[in-house]
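Enquirer: Here's a structure for you.
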Amino acid sequence: ILYWRGLAASLVGILGWIQIWLPVWVYRSYPLVLIAVALIDGAVNGKTVKWYQRGWIACLCVCVVILVELSMFLAWTKPGETIVEGVQGRYFLPILLPMLLALFSNQRLKLPFHKVLPLAVSVYVFAVLTATCWAVYARYFMPVP
């Protein structure tokens, strides 16, 4: 909980050996875009996620978080430390989509622009990938002032 900003940033992505940071707009917009897409996206073939299925998914996500923290506590944290060290946001990537499925799904917002959602997501992904390529290029190939 103390290092939630670093965990959130490393969940989105810090490249290299935690040296290459992406532009700030990527870190700020990424969670918002994920939540917006989860709210707008509809049920597949009319099938929805039932409340007990959401509960199981949420329990599994909590168990994964506990196991990641436990593994880093046992493998990385020095004896006597008061916080678990070594946890990175990328360790939680596998549970990100199931967590969103448990929280949202079933098309919570019925908006008229759901037809342009694939285009909007594609434009956003292209912008993020362009910014990522630029960050890598600037780090490794631009001269240092």
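Enquirer: Do you know which residues across segment 10-29 are part of a strand (DSSP E or B) and either over 15 Å from ALA138 (Cβ atoms) or β-branched (Val, Ile, Thr) (or both)?
Expert: Step one: of segment 10-29, the residues part of a strand (DSSP E or B) are 14-15, 20-21.
Of everything in segment 10-29, those that are part of a strand (DSSP E or B) and either over 15 Å from ALA138 (Cβ atoms) or β-branched (Val, Ile, Thr) (or both) turn out to be ILE14, ILE20.
Enquirer: Within segment 58-99, track down each residue that is of a type in the set (A, V, I, L, M, F, W, C), open to solvent by 60 Å² or more (accessible area, probe 1.4 Å) and more than 29 Å from VAL33 (Cα to Cα). Outline the logic, then answer.
Expert: First, pick out the residues of segment 58-99 that are of a type in the set (A, V, I, L, M, F, W, C): 58-68, 70, 72-76, 83-84, 87, 92-93, 95-97, 99.
Imposing the further condition that a residue be open to solvent by 60 Å² or more (accessible area, probe 1.4 Å) reduces the set to 59-60, 62-63, 66-67, 70, 73-76, 93, 97, 99.
Result: LEU70, PHE73, LEU74, ALA75, TRP76.
Enquirer: Also: Out of the residues in segment 4-21 that are within 17 Å of LEU93 (Cβ to Cβ) and more than 14 Å from the chain's Cα centre (by Cα), state the one that is most open to solvent (accessible area, probe 1.4 Å).
Expert: The qualifying residue most open to solvent (accessible area, probe 1.4 Å) is ILE18.
The values are calculated or read from the model by the stated rules, or taken from the named source; none is laboratory data. Being a predicted model, the structure only gives us computed values, none of them experimental. Please note: Cβ atoms are built from the backbone with ideal geometry, for glycine as well, and neighbour counts cover all protein chains shown. When the accessible area is computed, the model is the full protein with side chains, heavy atoms only, and any ligands, DNA or RNA have been set aside. Shrake-Rupley method; radii C 1.70, N 1.55, O 1.52, S 1.80 Å.
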